[in-house]
Amino acid sequence: MKIAFISDIHSNIHALKKVMEEIEKEGVDKIICCGDIVGYNAFPSECLRVVKEKVDASVLGNHDYATITGNTGWFNEYGVAGIRYCRSVLSDEEIKFLKSLHTHLYLDADGLDIYVTHGSPRDEIFEYVFPDVSDELLLQFAEIADADVLVFGHTHIPMERRVKDKIFLNPGSVGQPRDGNPMSSYMIFDTESRDATFKRVAYNIDAASKSILEKNLPRFLAQRLYLGI
Ligand SMILES: [Fe+2]
């Protein structure tokens, strides 16, 4: 089975549409989102619509959670501005959809148990699992999740780590990459060969950036898209 993983879309419809176009050419069996559909950028409703239509399942990210609850205590000013904007434009129906998301999900394919969450197995919404995390901690996470393959979001940085027979992945971010490469990131995982393929897609950053400024969101959110930070 070929599964496309996307994550951290963050209301960037220009990026999401390009990524979905590319994924449609790949002939995948499933599309899974590792959370943070909304926040930061200008088009939360539009992104929710695409996710509802085209994505098989998504987990709940910290920005999705903050949009539901209004609790932004742990965010910087840019995060707070994005959440306020989301709460002002999303319909009750769209908030209801965010509320329906779970903090993790499991997939079972070709004898592999695949666990998907936004953060980590011990703190599914908030903890960051960065690419330089220790082997020991990764193995602990595999034990907590009781899975062979663990897929995270949240860091906005693509990751592939293999420790013993366990695989740890992060597709990177569709809507706000932070690894210095401004192109949208996603990943295809082949459950038969166990290969992860990371993909980058160029999109119209000018349009995304302009929309951020038009909605009076912070200028830094418009600038960072060009830098991939
Ligand atoms: Fe995020």
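At 222 nm, what helix-only mean residue ellipticity would the chain give, in deg cm²/dmol to the nearest 500, using -39500 (n - 2.57) for each DSSP H run of four or more?
Dividing the helical sum by the residues of the chain leaves -11000 deg cm²/dmol.
Regarding the chain, what whole-number volume in Å³ per residue does the convex hull of its Cα atoms give?
106 Å³
Long-range amide H contacts for Thr155: which residues qualify at under 5 Å (H placed 1.01 Å from N, peptide plane, sequence gap of 5 or more or a different chain)?
Val129
Given the Cα-Cα distance of Phe75 and Glu26 and 0.36 nm per residue of separation, how much length would full extension add, in nm?
Here the segment from Phe75 to Glu26 would lengthen by 14.0 nm.
Amide H of Val163 versus every other amide H placed in the peptide plane: which residues, excluding those fewer than 5 positions away on the same chain, fall under 5 Å?
Answer set, sorted by chain and number: Phe168.
Zone of Arg200 (label point 7 Å along Cα→Cβ, backbone N under 18 Å): which residues in the range 19-37?
Counting only backbone N, you get 19-20, 22-23.
Using modelled backbone amide H atoms (1.01 Å from N, in-plane), which distant-in-sequence or interchain residues come within less than 5 Å of Tyr203's amide H?
Counting only residues 5 or more places away or on other chains, the set is Ser184.
Per-residue HN-Hα couplings for the range 189-199, Karplus 6.51 cos²θ - 1.76 cosθ + 1.60 at θ = phi - 60°, whole Hz, x for Gly and Pro?
Each residue's phi maps through the Karplus curve to give 10, 9, 6, 7, 7, 6, 8, 9, 10, 9, 10 Hz.
All of the numbers you see were taken from the coordinates with simple rules; none came from a lab. Here the structure is a predicted model, which means the values were calculated and not measured. Neighbour counts run over all protein chains shown; Cβ positions are idealised from the backbone, glycine included.
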